Amino acid sequence: MQQLDQIFVTLKAWALGHVPEPLQVPASIVMSIAPIMLVFPAIFALTTVAERKLLGRIQNRLGPNRVGPFGFLQWAADGLKTITKEDVVPRNADKVVHFLAPVVLLVSALLAYSVIPFGRNMHAIDIDAGILFFFAVGAGTELAVFMAGWSSRNKYALLGAMRAIAQMISYELPLLLAALAAVMATGSLNPNDMVAAQEGGRGWGAIVPNWFVFTPWGFVGCVLFLIAAAAESNRSPFDLPEAESEIIAGYFVEYSGMKFATFFLAEYLGLFVISSMCVVLFLGGWHAPFPFFWCGWIPSWAWFLSKLACIVLLYIWMRGTLPRLRIDQLMNFAWKFMLPMALINLVVVAVWKYTRPWDYFGAELVRWLVCVSLLALPYLLLGRNLLSNRKWGPRTYRYAG
Amino acid sequence: MTIPGKGILTGMAQTAKNFVGSYVSKDRMTTVQYPEEREPAHEAARNFPFLVFDKDPEAGLRCVACKICEKECPPQCIYIVMKRDENGKPTKQPETFDIDVSVCMSCQICVEVCPFEAIKMDTDYEYGEFDRFGGLLLDKDRLAKSNQYYHKIHPTEAAEVDARLDKERKTKEVADKAKAAKLAALAKKAQNAEKIAGDAKGEKQ
């Protein structure tokens, strides 16, 4: 069991043993990076097919079913198509920035992978401020998106980029505050400490895993994080920056061929990495849900990947369900709901943390009740406020006929 | 009291139901996997005209090459040449009957003007060709389709046409019989007159 769990770590150590002494550091770096560069693009390829199949089924269609068994080789056909397509650069585009934008997006998405622990002892770099690094690097995507929109010299691209900037900056705040809840609870910015803090279980027979999502603040934080992550990675229902039906494809309307594919890839890589961060922060990282049980033999990285897959499926499901938000709804939601909820959540974390020493009969119940009501009440009030603010009715025009 | 977020959960449940249902119930999936499976054409469907023949695809064509359809065709996509026998005498048969389906607009006017029920609308829609000029110019051989085929694609209409043709044939038969009888009577009369005349002659002699 131990061998299967540590198979990649052992493999790397074994391979490093064959590398001459002076080359060991660069070899180690390459061996840490290469699997990330191989595995996640592969997951991306499969996700594109799975997403189309799933969306098809949600709409009572079949989805792609021509290439390979049940259409599961569609990604190969799509990949070949995008590679062989002509790369068109608009005549008036800022060519350097136009070229750099997909690269910057891809690099910032890939850099964020370096701090994620994918399994026991499986992380590219272990830095104390890993979570800070993650969000700092993640902010690079905003720059890339704006570079793409600005350099294309296309009004749709610029509109998309402006929407993207407005959206990403607005949602960066609740995203960080939601993550901050977990940071407060553990008192560390290191993702490995985060995972370590969620080990084991509690309750009768340790039936409930110690994941943060099974605490009141953790649940709310996780939901807030997932929503803000969807907005950060431009996923539906927050896909205004690339709204196909309004502004064609938003900021990458002028991209074709491999550059478009790079955008597409980087977007999905960004989604995976932010979902991975959610797994690390709230879903117990690579820990098994029932460590005492028969599933102890399943390797830690498999647990991590299956949790990641669940979140990605949830995003696909959401994409198949929810319509796109309007820009004012988006902003209202970010500033009037997400932000206050995230701030209140921080207070609840503090309450949760400082009631931990309570040690009388029924203390746990009181603690839960206090925290849940501290969260449920603002949720209801803020939510109803949002709902009551919608002004539906016949549209009036001030100037036109 | 409205609970915020309830609508989202309801929607998610609905899509989940769709997802599971698409694997369980066949009625949900309305997609027809076209090249492999085809839905039978609707009886009222119509696409391009074809020529009806009764028994023989060459001699049995109902078309008499009267060229009414050729003249009436709005986009002028029909071209007819009447067959002539060795003496140059026109027969009631088409030598050439071409329809350019790339020009045809499926208006059915040729069908409506035809007095012989010889041209009808087809339901076939697979006219894909690699040769865009010659391939889409359908000649007599490709246009000729049997009355059974017509019955298969438009059963109601074909039955009506057959009944009408039968009735016409019967009235014609009756008329022919009457005419024949009349002619026979006339002939008999003439014969009798001849006979009487002959008898009179004989008597004279």
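The values are calculated or read from the model by the stated rules, or taken from the named source; none is laboratory data. Everything numeric here is computed off the predicted structure, so don't read it as measured data. Here the Cβ positions follow ideal geometry from the backbone for every residue, glycine too, while neighbour counts run over all protein chains shown.
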Q: Answer yes or no: is there a residue in the stretch A:246-263 that is more than 16 Å from A:THR141 (Cα to Cα) and of a type in the set (Asp, Glu).
A: yes
**Q.** helices (runs of 4 or more DSSP H) contained in the stretch B:100-172 and holding at least 2 residues within 17 Å of B:ALA45 (Cα to Cα)
**A.** B:109-113, B:147-153
Q.
If B:PHE130 meets every condition in (1) more than 12 Å from the chain's Cα centre (by Cα); (2) on the phi > 0 side of the Ramachandran plot apart from one, which number is that one?
A. (2)
Q) Does B:TYR23 meet the test of being more than 30 Å from B:PRO74 (Cβ to Cβ) and away from every other protein chain (no Cβ under 11 Å)? A) no
(Q) Here are the criteria: (1) in a loop (DSSP other than H, G, I, E, B); (2) surrounded by 15 or more Cβ atoms within 10 Å (Cβ to Cβ). Tell me which single one B:PRO94 does not satisfy. (A) (1)
Q.
With the structure loaded, tell me whether B:ARG46 is within 14 Å of chain A (Cβ to nearest Cβ), closer than 30 Å to A:LEU62 by Cβ and surrounded by 12 or more Cβ atoms within 10 Å (Cβ to Cβ) or whether it fails that test.
A. no
Q. B:ARG142 is checked against (1) modelled with pLDDT under 90; (2) under 12 Å from the mean Cα position of the chain (by Cα); (3) among the basic types (Lys, Arg) and fails just one. What number does that condition carry?
A. (2)
**Q.** Residues satisfying the stated conditions in the stretch B:49-70, i.e. surrounded by 11 or more Cβ atoms within 10 Å (Cβ to Cβ), assigned to a loop (DSSP other than H, G, I, E, B) and not acidic (Asp, Glu)
**A.** B:PRO57, B:GLY60, B:ARG62, B:CYS63, B:VAL64, B:ALA65, B:CYS66, B:LYS67
Q. When residues of the stretch B:25-40 are filtered for being surrounded by 11 or more Cβ atoms within 10 Å (Cβ to Cβ) and either under 25 Å from B:GLN14 (Cβ atoms) or in contact (Cβ under 8 Å) with a residue 12 or more places away in the chain (or both), how many remain?
A. 3
(Q) Between a residue in the stretch B:120-136 that is under 15 Å from B:TYR149 (Cβ atoms) and any residue that is of a type in the set (Lys, Arg), which pairs come within a Cβ distance under 6 Å, given they are 6 or more apart or on different chains? (A) B:MET121/B:ARG46
Q | Members of the stretch A:95-113 found to be farther than 28 Å from A:GLY285 by Cα and buried (at least 20 other Cβ atoms within 10 Å of the Cβ), listed by number | A | A:HIS98, A:ALA101, A:PRO102
Q. Applying the selection to the stretch A:300-323, what residues are within 11 Å of chain B (Cβ to nearest Cβ) and in a helix (DSSP H, G or I)?
A. A:LEU313, A:LEU314, A:ILE316, A:TRP317, A:MET318, A:ARG319, A:GLY320, A:THR321
Q. Take the residues of the stretch A:50-71 that are under 13 Å from A:LEU313 (Cβ atoms) and among the hydrophobic types (A, V, I, L, M, F, W, C): which is nearest to the other protein chains (Cβ to nearest Cβ)?
A. A:ILE58
Q | Residue check, B:LYS17 within 10 Å of another protein chain (Cβ to nearest Cβ) and either assigned to a helix (DSSP H, G or I) or not hydroxyl-bearing (Ser, Thr, Tyr) (or both) | A | yes
Q.
I'm trying to understand the selection: among the residues of the stretch A:46-60, which are crowded, with 18+ Cβ neighbours inside 10 Å and of a type outside the set (Val, Ile, Thr)?
A. A:ALA50, A:GLU51, A:ARG52, A:LYS53, A:LEU54, A:LEU55, A:GLY56, A:ARG57
Q) Within the bounds of the stretch A:325-333, is there any residue that is within 14 Å of chain B (Cβ to nearest Cβ), out of contact with any strand residue (DSSP E or B) (no Cβ under 9 Å at 6 or more places or on another chain) and either surrounded by fewer than 18 Cβ atoms within 10 Å (Cβ to Cβ) or without any contact (Cβ under 8 Å) to a residue 24 or more places away in the chain (or both)? A) yes
Q) at the interface with another protein chain (Cβ under 7 Å from one of its Cβ atoms), modelled with pLDDT of 85 or more and outside any loop (DSSP other than H, G, I, E, B), is that true of B:GLY11? A) yes
(Q) I'd like to know if the stretch A:362-371 contains one or more residues that are closer than 24 Å to A:MET338 by Cα, within 11 Å of chain B (Cβ to nearest Cβ) and assigned to a helix (DSSP H, G or I). (A) no
